[in-house]
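Everything below concerns the one structure shown next.
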Amino acid sequence: MSVYVIVEVATASKKETWEALSANGIPCEENNVCIDEEKCTLPAPERPILQRTLRGLRSGDLLVINSVSSLGNSALDALTTLRSVKKAGATVVCLVYERKDAAPLDDELLMKSLELVAELDHVVRQKRAKEASDAAVRQGLRIGRACSLSFAQQEAVVLALSSGRTVTELARQYGVSRQTIIRVRRKWSLKLED
């Protein structure tokens, strides 16, 4: 069994971390203590020390962290990292410096908690986006990407379509996709109906 330790740079030095682990009965070699100097806002895939450690994990290994934020920058990111650790057959221990002891994480409970938090985060983001979209519509603001054809070009497209020219022909002429011409036709047919 190997013990790998990842701590954030501001928390403690390698020696202090190694001494704290030894005092708590966690056998660890000092060269397996990694100080993560990356910003905690970076996602797990962009943290080289974390990725190198995850690739080195084997069944029965122990990954010691000082907080769940060492696993990622969001609940979903930490959950993904935790799943990688579990898939490797390793265990995670969270080192709590205030208590000066090591608290093993209940992998199942932590994973369920992170799944719930990630789901809540996803739902809240969707609702915020919907509310912002609705507010913009109420204020008369246009949502989405602007049309690649100007108003005058759209009028010309509608006139050309009504005179019998094809969608493909007009798409080539204006250098846009067929779908753009179809959207213009649909938009203008709705305007004409009103």
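No lab work stands behind these numbers, since they all come straight from the coordinates. Computed from a prediction, not measured in an experiment: that's the story for all the values here. Heads up, the Cβs are rebuilt from the backbone with ideal geometry, glycines too, and the neighbour counts pull from every protein chain shown.
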Inset, instruction - Beyond 28 Å between alpha-carbons counts as too far, so tell me which of LYS39/LYS130; LYS39/LYS87; LYS87/LYS127 fall in that bin. - result: LYS39/LYS130; LYS87/LYS127
Legend entry - Viscosity 1.306 mPa s, temperature 10 °C, Stokes-Einstein D of region 151-193 from Kirkwood C-alpha radius, µm²/s: 157
Inset, instruction - Set the Förster distance to 35 Å, then compute FRET efficiency between ILE182 and LEU109 from the Cβ-Cβ distance, nearest 0.05. - result: 0.10
Inset, instruction - Would you pull out the residues with amide H under 5 Å of CYS94's amide H, same chain only if 5 or more places away, H placed 1.01 Å from N? - result: ILE65, ALA103, LEU105
Inset, instruction - Give me the distance in nm between label points sitting 7 Å out from Cα along the Cα-to-Cβ direction at CYS40 and LYS127, one decimal. - result: 2.6
Inset, instruction - Note down the net charge around CYS147, summing +1 for each Lys or Arg and -1 for each Asp or Glu among other residues with Cβ under 9 Å from its Cβ. - result: +3
